[in-house]
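S.K.: This is the structure I want to talk about, given as structure tokens.
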Amino acid sequence: MKLIHLTDTHLTTPGRTLYGIDPLARLQAAVAHIARQHADAELCVVTGDLTHWGEDAAYASLRECLQMLPMPVLPLIGNHDDRGRFRAAFPETPVDDNGFVQWTQDTSAGRFILLDTVIGDADPRRPSAGYFDPRRIDWLRAQLDRAQADATPVFLFMHHPPFGVGIAAFDDINLVAEDARAFGALLREYGPIRGQIRHLFFGHIHRPISGSWHGIPFSTLPATAHQSGLDFLAETDRFTHEAPGYGVVLITPEQVTVHISDFLYRGPQIDPGSERLHD
Ligand SMILES: [Fe+2]
């Protein structure tokens, strides 16, 4: 199975730049590249921060742009999104009984479980951080029980990682500690013991990172919009114009391979035998 992973598109009202970048132009370039190179992909998942300020016009342009992709698209929300406006713009995206934008999707590779880690609508705490309160834990437990009963592999998708990545500015706004502990405890029950959770995909960090957590492999990607500098000393975010990217994920029963496509690269492409330059 081939899967396209996009993240942190941060669309604004069309024409408005963000940190010196036109996020819609970036997404349009990524979509054109994907349509050209990966029309055979089964699905595309976008792991949140679809918009930067959550305006209706930003969601409308997102919807229009994603419709150019040749495969179905599953959009999750991130901390920059507005749950209500997202739901109005994407009414076909399922929600759980509590109104969180989380659902499951069966694919040829197994069951995708797509999670909502965004702060609850009436919660007065910090809106940038990630949350996964007991109602969401109960929902995830039910999905994992169901996946176990169905003997299907599971792939998790979420905006905020449920762990720190060693960059202070972000470790402060991942899943809040209490919710991260509960999330970790739940996955420890199912992951290493039952070998059923094959990969965890997330967004939020705006950098390529991979590793494993409690025995579960994970990966995240550059945003299509601005990036975060890899600065272990800075106490606040340092956004950069490093290259954007999207993920091309190849899944077989034995293997998950994550490529990152530098879709804006316009430099030489050199045949190693003849040293001939290709356009
Ligand atoms: Fe983001």
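The values are calculated or read from the model by the stated rules, or taken from the named source; none is laboratory data. Just so it is clear, the structure is predicted and the values come from calculations on it, not from any experiment. Counting neighbours? That spans all protein chains shown, and the Cβs are built from the backbone with ideal geometry, glycine included.
S.K.: Go through segment 200-215 and report how many residues are crowded, with 22+ Cβ neighbours inside 10 Å and more than 16 Å from the ligand (Cβ to nearest atom).
M.R.: The total comes to 1.
S.K.: What are the residues in segment 75-103 that are surrounded by fewer than 19 Cβ atoms within 10 Å (Cβ to Cβ) and within 15 Å of the chain's Cα centre (by Cα), if any?
M.R.: Scanning segment 75-103 gives a single hit, Trp103.
S.K.: Right, next: For segment 62-85, name all the residues that are within 19 Å of Gly130 (Cβ to Cβ), out of contact with any strand residue (DSSP E or B) (no Cβ under 8 Å at 6 or more places or on another chain) and among the hydrophobic types (A, V, I, L, M, F, W, C).
M.R.: The answer is Ile77, and nothing else.
S.K.: State all residues of segment 231-279 that are modelled with pLDDT of 95 or more and either over 30 Å from His199 (Cα atoms) or of a type in the set (S, T, N, Q) (or both); if no residue qualifies, say none.
M.R.: Correct list: Thr240, Thr252, Gln255, Thr257, Ser261.
S.K.: Still on this model: Is it the case that Phe163 is in a loop (DSSP other than H, G, I, E, B), away from the ligand (no atom under 16 Å from the Cβ), in contact (Cβ under 8 Å) with a residue 12 or more places away in the chain and touching a Ser or Thr at 6+ places or on another chain (Cβ under 7 Å)?
M.R.: On the way: in a loop (DSSP other than H, G, I, E, B): yes; away from the ligand (no atom under 16 Å from the Cβ): yes; in contact (Cβ under 8 Å) with a residue 12 or more places away in the chain: yes; touching a Ser or Thr at 6+ places or on another chain (Cβ under 7 Å): no.
For Phe163, the condition - in a loop (DSSP other than H, G, I, E, B), away from the ligand (no atom under 16 Å from the Cβ), in contact (Cβ under 8 Å) with a residue 12 or more places away in the chain and touching a Ser or Thr at 6+ places or on another chain (Cβ under 7 Å) - is not met.
S.K.: Condition first: away from the ligand (no atom under 16 Å from the Cβ) and buried (at least 16 other Cβ atoms within 10 Å of the Cβ). Now tell me which residues in segment 30-54 satisfy that. Show your work before the answer.
M.R.: Here is the first cut: in segment 30-54, the residues away from the ligand (no atom under 16 Å from the Cβ) are 31-44.
Hits for segment 30-54 are Val31, His33, Ile34, His38, Ala41, Leu43, Cys44.
S.K.: Assess whether Asp179 counts as being at pLDDT 95 or above, outside any helix (DSSP H, G or I), under 30 Å from Gly229 (Cα atoms) and not hydrophobic (A, V, I, L, M, F, W, C). Even if it seems obvious, please write down each step before you answer.
M.R.: On the way: at pLDDT 95 or above: yes; outside any helix (DSSP H, G or I): no; under 30 Å from Gly229 (Cα atoms): yes; not hydrophobic (A, V, I, L, M, F, W, C): yes.
So Asp179 fails the test.
S.K.: Further question on the same structure: Out of all the residues in segment 55-76, which are among the aliphatic types (A, V, I, L, M), closer than 19 Å to Pro14 by Cα and within 16 Å of the ligand (Cβ to nearest atom)?
M.R.: Ala58, Leu62
S.K.: Then there is this: Please specify each residue of segment 189-217 satisfying the condition of being aromatic (Phe, Trp, Tyr) and either farther than 23 Å from Asp150 by Cβ or part of a helix (DSSP H, G or I) (or both). Write out each step before concluding.
M.R.: As a first pass, look at segment 189-217 and keep what is aromatic (Phe, Trp, Tyr): 190, 201-202, 213.
Residues satisfying the conditions are Tyr190, Phe202, Trp213.
S.K.: A further question on this structure: Working carefully through the options Asp171, Asp123, Asp133, find the one that is more than 25 Å from Val249 (Cα to Cα), out of contact with any strand residue (DSSP E or B) (no Cβ under 9 Å at 6 or more places or on another chain), modelled with pLDDT of 95 or more and acidic (Asp, Glu). First the steps, then the outcome.
M.R.: Working: Asp171 fails: modelled with pLDDT of 95 or more; Asp123 fails: modelled with pLDDT of 95 or more.
One residue alone meets the criteria, Asp133.
S.K.: Being away from the ligand (no atom under 16 Å from the Cβ), buried (at least 20 other Cβ atoms within 10 Å of the Cβ) and at pLDDT below 95: is that true of Gly195 here?
M.R.: Values: away from the ligand (no atom under 16 Å from the Cβ): yes; buried (at least 20 other Cβ atoms within 10 Å of the Cβ): no; at pLDDT below 95: yes.
Taking the combined requirement at face value, the residue does not satisfy it.
S.K.: Determine if segment 49-61 includes at least one residue that is out of contact with any strand residue (DSSP E or B) (no Cβ under 8 Å at 6 or more places or on another chain) and of a type in the set (A, V, I, L, M).
M.R.: Among the residues of segment 49-61, at least one is out of contact with any strand residue (DSSP E or B) (no Cβ under 8 Å at 6 or more places or on another chain) and of a type in the set (A, V, I, L, M), which makes the answer yes.
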